[in-house]
Structures are given as structure tokens and as C-alpha cells.
Amino acid sequence: MSGEGTNGSGSPTQSQASVGAEQQDVTHPMKAFASELSKLQNQVQALQSTKLQEQVLKLRESVKAINERVQAAAEDLRKDPSSGVGMSTTPEVAAKAAAPAVVKREKIDKMSAEVKDDNPYSRLMALQRMGIVKDYEKIREKTVAVVGVGGVGSVACEMLTRCGIGGLLMYDYDTVELANMNRLFFRPEHAGMTKTDAAVKTLREINPDVNFESYHMNITTVDGFDNFVKSITKDGDGKTSRVDLVLSCVDNYEARMVINQACLELEQTWMESGVSEDAVSGHIQLVEPGYTACFECVPPLVVASGIDEKTLKREGVCAASLPTTMGMVAGFLIQNTLKYLLNFGHVSSYLGYNAMKDYFPTMEIQPNPGCSNNLCCKLQVKYADSRKQRVLDKEKAATAQEEDAGPLHEDNEWSISVVDDDAPEEVAESEDAKPAGDLNLAEGIEFSMPKADVIDQKTLEENAVETNEEEDVDDLRAQLEALNAK
């Protein structure tokens, strides 16, 4: 039978050759099904009219079977998009297949200094290799409580998490709002969640090695205070602290007073932080019960005056907020925290920041013997001797450091000498009065002017300026310009 499939000699036509090439290129079941269906359609066109009806019935059954197989394959593709690479599919499936695989951070049993792309601790452990920290891995043994997970607190929690802190307790009574998006850390999808739960969700993905605890509570209530004290003590006994440091990142004085009282009762060291209402200044402060001033020793004017700060707030008016200032204060706070926990560098007693003038004041705030908190006064008496010994140790260490430094520029090729500001004036004068000819100048250095003892009378006469009472200033200026022109 001669038709569209073959030519007169029985060799394959151009159409058959192209179909054969398509069959060779088919590497996916879906393409194979499409090719088979195309062949059947070509056969239908080649059928003689006398057998057309009979063949059509058979072809319909074949097409039905092929369609069933195609639908089954499409269902498999929907369940497993990766198996359909190279095939046309829905935009949703294609987008899902093209999306990058989510990398999940697994737990790490031991910190390693090995430099690898998948080691999140290599750059932290480098501090140990460089001699900055003696044993960085001890940070995993430390637990920190952060009260207030807002503009400063949330960033502080993230920094501690990335540094590999062992335990992190977070306290806040508020929920995330879209109004918080001008700050760092929180994202729009967190809106409506409690700040502590949103923080745990994000931070656990960053570092699952940290033991997180979320406390959605108001510590300024009676029950809140009791629960706060129980949560930071061993077995909730309210006596022995189980945290190494408490960080205050709250935005009101009432909460600071509560933290101050709890830490005094437990003799727990804590650090206070804050940002001004105009958002252009902030500070951090170390508070060691009995050793440094507590929050009531030198209270802000609002606290000292007994004014209820809630009465100062006005409807529709809020404090300014800059993520830059809050980020810097959080950085100062955690830097001080790391130095305190890992015992390196100088732990600042007080560090301020003024963005308007780029001013960073520091000071030592001593405890107030007349503090209004009786517990603070008792601890001052208890640790009076230890406090004095600390002062002596600091002075001794400073003296030893100066002695080890040695004289500055003791020996140099330029014959430079440094005179102490406190040295007697005759010493400085004797150095200046030393004859120039006695100085040993380095090679290549010479005086630009002749020494006084070698200037002869001829030189003086050549450079002399003749004057008399009749000459005015203009004549003298003319003579001076003539000399300069020589």
C-alpha cells in the first residue's frame, strides 16, 4: 500500500526520517507518549477509506490508554517536580522546582577552629588562636538572661546567638507590630507573634546549639517579679542564680528598678542599657551589687523625684527610634558581655554614646553610701574590703604596665629624644642649649642655615639692610624684596 508513509521505492520518506530522529531524542516518558500519539495520528491519515471506521475504533482505544498513562505521569510530576526537569509544566510547579534548596543548620557537638565553609565557629575560634581569648569554647557554659526584646534587646539576642552562647533566656510582655519594622531583627511575618516566640523561631534557625527559653511576661507586676526571680534561679528556689549575667534592655525605669531589686537579692551582676528618647544617644552600665553603684544609687531625675513616668506619656506621641543608635548600643553591650564572660580586655563600668558629637564618655560610678535601697547599703558594707583591694590591684597593674613599656624612642637613628612633661625645665633647656656642632646627625641630614659661630663679617655685610631715619616703610620693603630676589 502506497501512502504518505513511504515513497514509490519503499524507502522512508522525509516525514518518517524526522519522526525517527524525534524518537531518538526522546529521553523522558512524557515525550515518548507524545511521539507515540503523533505516530497514531499519521497512521489515521494514511488509512484507506474502506477500513477507516474499523481502524478509528482501535485507535480511539489506543489513544484512551495513552491519555491515562499521560495523566498518571502528570500526577507523578506534581508530587515530585524534580523528575520533570526539561518538561513544560505549570508556573507554580516550575517556580517551586527552580527555588534554591533550603539549607538547614545542624547541631554541632564541639566547637572547632578548622577553617571550612560549613563551620560557623571557625572565625570565632580564631580569637583564641590570635591570643585574644584564652578558651573561647567556654562561652557554651555561659547563660545570659535578656530582659526586653525590643530595638536593643532583639539585636543583643541575635549577637549572643551568633557568638554561640550556651543558654539564652528572653523576657518581654509585648507582641511584634508593623511599627517595629524601623528597627533591626524583626520581619513583617512576625507581626502578631509575641516578641519572645518570634525571637526563638528566628534564632533557633541561626544556631540550634543554643538553649533558648521564652518568657512572655510583665516583670513589673507582683506575680511577674516572683516568676522572674524563680526563672533565673536554680530549681526555681529564688535564692541561687543560674545565670551568669542579666542584660537590661527595657525602655522604662519601672522595669529597671525591678531588675535592680532582683539582682540585689540574688547578688547577681547585670548590665543596664538605654537609648534616649531623641534616638541620638545611649549608654551601657555594669552593675555589680556591693562593688558598683546600683540603679538606685544614682537614679535619674524622674525616679528621684518620685514621678510616675506613665503620666509623662502623651496620646499620639512616641519616642524617636533609630536602628543605627540601637544597633550601636547593642554592640557595645554584647562586646562588654563577651569581655566579662570570657575574661579578656577591659570591662567598661560605664560607656556612653552621643551621635551628635561622636562623643564616647566613660566613667567609674562608685556605690552611694546613702543609697535609698537598704539591701544595696548592706552589700556595700559586706564587700568593702574586697572593693578596696580591687582598687589597689588596678593601681598595681597600671604601674606594672608603665614599667614594662620602657622609654619611648630610647635609641633611634634620627637622634630624637622625648622629654617627660613633668621633667624639670632645666633638663629640657639643657637639651635645647646643646651646641649644634655636637649633634650627631644621621647620614643625609644637614642644617639648612649656617651655624652662628661660622658666620663671618663679610656674610653679615652682604645680608645687612641699610637704614636711616629718613627712609620710610616703603623703602625698607623695597630693600627686603631686592634681597629676596638674589
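The values are calculated or read from the model by the stated rules, or taken from the named source; none is laboratory data. Predicted model only: the values in this text are computed from it and were never measured. Neighbour counts run over all protein chains shown; Cβ positions are idealised from the backbone, glycine included. Note: accessible area is taken over every heavy atom of the protein model, side chains too, but ligands, DNA and RNA are not part of it. Shrake-Rupley method; radii C 1.70, N 1.55, O 1.52, S 1.80 Å.
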Original post:
Once the Cβ-Cβ distance between GLN43 and GLU106 is put in as r, and R0 is 41 Å, what FRET efficiency do you end up with, to the nearest 0.05?
Top reply: 0.10
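Give the percent of DSSP beta bridges with both residues in the range 124-270 that are antiparallel, rounded to the nearest 5. Walk me through the intermediate numbers first.
Details: 2 of 18 bridges.
Just about 10 percent of them are antiparallel.
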Original post:
Which order do GLU114, GLU402 take when ranked by solvent-accessible area (1.4 Å probe, heavy atoms of all protein chains), largest first?
Top reply: GLU402, GLU114
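What shape does the range 196-279 have by the C-alpha gyration tensor, where a ≥ b ≥ c are the square roots of the eigenvalues, rounded means a/c under 1.5, and otherwise prolate means a/b greater than b/c and oblate the rest?
Values: a/c = 1.66, a/b = 1.08, b/c = 1.55.
Judged from the Cα gyration tensor, the range 196-279 comes out oblate (a/c at least 1.5, b/c at or above a/b).
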**OP:** Compare the peptides 144-150, 330-336 by average per-residue count of other Cβ atoms within 10 angstrom and give them in order, highest first.
**Re:** 144-150, 330-336
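If you count only protein heavy atoms with a 1.4 Å probe, what accessible area per residue comes out for the range 111-238, rounded to a whole Å²?
Values: 6140 Å² over 128 residues.
For the range 111-238, the per-residue accessible area is 48 Å².
Report in % the part of the accessible area of the range 218-275 that belongs to carbon and sulfur, leaving out ligands and nucleic acids; probe 1.4 Å. Show your work: numbers first, answer last.
Details: 950 of 2320 Å².
The C+S portion of the solvent-accessible surface of the range 218-275 is 41 percent.
Would the range 94-185 count as rounded, prolate or oblate if I go by the C-alpha gyration tensor, calling it rounded below 1.5 in a/c and otherwise prolate when a/b exceeds b/c, oblate otherwise?
oblate
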Subject >> Rounded, prolate or oblate (a/c below 1.5 giving rounded, otherwise prolate when a/b exceeds b/c) for the range 110-239 by Cα gyration tensor >> reply: oblate
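With all protein chains present, how much of the accessible area of the range 334-393 (probe radius 1.4 Å) comes from carbon and sulfur, to the nearest whole percent?
Numbers: 2010 of 3830 Å².
Taking all protein chains in place, the range 334-393 shows 52 percent carbon and sulfur surface.
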Original post:
Which of the pairs LYS142/LYS396; LYS138/LYS234; LYS339/LYS388 have their Cα atoms more than 24 Å apart in this structure?
Top reply: LYS142/LYS396
Original post:
Between ALA384 and ASP475, what length in nm is gained on full extension when 0.36 nm per residue of separation is reduced by their alpha carbon distance?
Top reply: 24.8 nm
Original post:
Among 152-164, 348-360, what's the highest-first ranking by average C-beta atoms within 10 angstrom per residue?
Top reply: 152-164, 348-360
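Hey, can you rank 250-258, 390-398, 129-137, 227-235 by average C-beta count inside 10 Å, highest first? Display every interim value, and only then the final one.
On the way: 250-258: 19.1, 390-398: 10.4, 129-137: 13.3, 227-235: 17.4.
Going by the mean number of other Cβ atoms within 10 Å, highest first, we get 250-258, 227-235, 129-137, 390-398.
Given a 1.4 angstrom probe, I'd like the percentage of the accessible area of the range 99-152 that is carbon and sulfur, rounded to a whole number.
Numbers: 1940 of 3700 Å².
Within the range 99-152, the accessible surface is 53 percent carbon and sulfur.
Only Cα pairs under 8 Å and at least 6 apart count here; give the relative contact order of the range 198-260 as a rounded whole percent.
Values: 37 pairs, mean separation 12.7, N = 63.
Once normalised by length, the contact order is 20 percent.
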